[in-house]
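Report on the following structure.
The values are calculated or read from the model by the stated rules, or taken from the named source; none is laboratory data. Predicted model only: the values in this text are computed from it and were never measured. Virtual Cβ from ideal backbone geometry, glycine too; neighbours counted across all protein chains shown.
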Amino acid sequence: MPKDKPRIQSINDEFQRRAAQLRIAPGPSGDDVPQWTTDGIEELPGFFNSTADIWDQKFGAAPDDPFYQAVALQIPQTDEPIDILDLGCGTGIQLEFVFARAPNAKVTAIDRAPNMLEQLGVKFANKAEQLRLKQGSLLELSFGNNAYDYAISTLTMHHFVPERKIAIYKKARKALRTTGIYIEGDQVATVEEEKNILYWYNRWIVKLPGGDRAEWNYDITLSPETQTHILQEAGFSEVQLTWQSPSKGAVYVAKY
Ligand SMILES: C[S@@+](CC[C@H](N)C(=O)[O-])C[C@H]1O[C@@H](n2cnc3c(N)ncnc32)[C@H](O)[C@@H]1O
């Protein structure tokens, strides 16, 4: 839509301006360095904290967005106060779609960036009594035991290397009731792309301070094959790829 262009342009500029002010780890050098790494990489917590107030202007989704809908559609339309755990909730873009299906859901929303949680709290001020906001890293927090009907995670898990993901999935599974379901929407890579992503992760990111603990804004996007395998490794009984679009991502559903 051309009439939106100037606004989007300025949000992109503002994003870049804020990212440039963060601590940047320089990219590797050498002939085989991919072009996208040459500007280096920003620290992750600072990136999300400093962009939270303009996040929805850049990434907000229309109500018919097929990706967010594909995640939410795994939750039945209900007025029951079902229990949902949201891992890496951000400003709650995915929750908008979840509340459209389950308006009385009780949601525990976890994020490491306090400013993201603050935006979410403002957005859903009318649901304050249904929301429990928890600030901290998915790597460190406990998610509880046998307490949720659904655990969801959208566009967050690509920050973690497979071994770390498995540890998070085990905690998510433990937090679910035995009838519970884990739903994940995330970016998707081909097997070839994944190889290259993991190669540069192992050659570069893991050697940075906190590199294996999601301290840097490096996307570890996996193929459906690997993603399915690691959900199974974490103990989920049935794992299904329910939706996929090469440009936008994939949605996985895993039963307790
Ligand atoms: C791209 S946003 C996605 C937000 C939301 N799920 C959505 O779809 O709108 C990723 C979120 O993951 C959070 N995050 C990244 N690493 C995290 C960690 N180690 N622990 C908890 N949250 C983390 C970020 O702060 C950010 O809010």
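Per-structure values
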| read-out | value |
| --- | --- |
| Residue check for Leu208: crowded, with 21+ Cβ neighbours inside 10 Å, farther than 19 Å from Ala72 by Cβ and aliphatic (A, V, I, L, M) | no |
| Yes/no for Val71 being in contact with a Ser or Thr (Cβ under 7 Å, 6 or more places away or on another chain) and modelled with pLDDT of 95 or more | yes |
| Every pair of residues 6+ apart whose Cβ atoms lie under 8 Å, when the first sits in segment 42-59 and is without any contact (Cβ under 8 Å) to a residue 60 or more places away in the chain while the second is within 8 Å of the ligand (Cβ to nearest atom) and among the β-branched types (Val, Ile, Thr) | Phe59/Ile93 |
| Hey, Ala105 without any contact (Cβ under 8 Å) to a residue 12 or more places away in the chain and among the small types (Gly, Ala, Ser) or not | no |
| Test: residue in segment 190-204 that is in contact with a Gly (Cβ under 6 Å, 6 or more places away or on another chain), touching a residue at least 12 places away in the same chain (Cβ under 8 Å) and closer than 24 Å to Ala70 by Cα | no |
| Hey, Ala189 within 15 Å of the ligand (Cβ to nearest atom) and touching a Leu at 6+ places or on another chain (Cβ under 8 Å) or not | no |
| Cβ pairs under 8 Å, 6+ apart, first in segment 172-189 and in contact (Cβ under 8 Å) with a residue 24 or more places away in the chain and of a type in the set (Phe, Trp, Tyr), second in a helix (DSSP H, G or I) and within 16 Å of the ligand (Cβ to nearest atom) | Tyr182/Tyr169; Tyr182/Ala172 |
| Top-ranked residue in segment 120-149 [being buried (at least 20 other Cβ atoms within 10 Å of the Cβ) and within 14 Å of the ligand (Cβ to nearest atom); ranked as nearest to the chain's Cα centre (by Cα)] | Leu138 |
| Filtered residues of segment 215-246 (kept if closer than 24 Å to Gly136 by Cβ, under 17 Å from the mean Cα position of the chain (by Cα) and among the small types (Gly, Ala, Ser)) | none |
| Residue selected from segment 21-57 under the condition at pLDDT below 90 and within 22 Å of the chain's Cα centre (by Cα), by the criterion surrounded by the most Cβ atoms within 10 Å (Cβ to Cβ) | Thr37 |
| Per-region count, segment 97-119, residues within 12 Å of the ligand (Cβ to nearest atom) and charged (D, E, K, R) | 3 |
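Okay, residues lined up against (1) touching a Lys or Arg at 6+ places or on another chain (Cβ under 6 Å); (2) part of a loop (DSSP other than H, G, I, E, B); (3) surrounded by 20 or more Cβ atoms within 10 Å (Cβ to Cβ):
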{"site": "Ile220", "(1), (2), (3)": "no, yes, yes"}
{"site": "Thr226", "(1), (2), (3)": "no, no, no"}
{"site": "Leu231", "(1), (2), (3)": "no, no, yes"}
{"site": "Gly235", "(1), (2), (3)": "yes, yes, no"}
{"site": "Leu241", "(1), (2), (3)": "no, no, no"}
{"site": "Gln244", "(1), (2), (3)": "no, no, no"}
{"site": "Val251", "(1), (2), (3)": "no, no, yes"}
{"site": "Ala254", "(1), (2), (3)": "no, no, yes"}
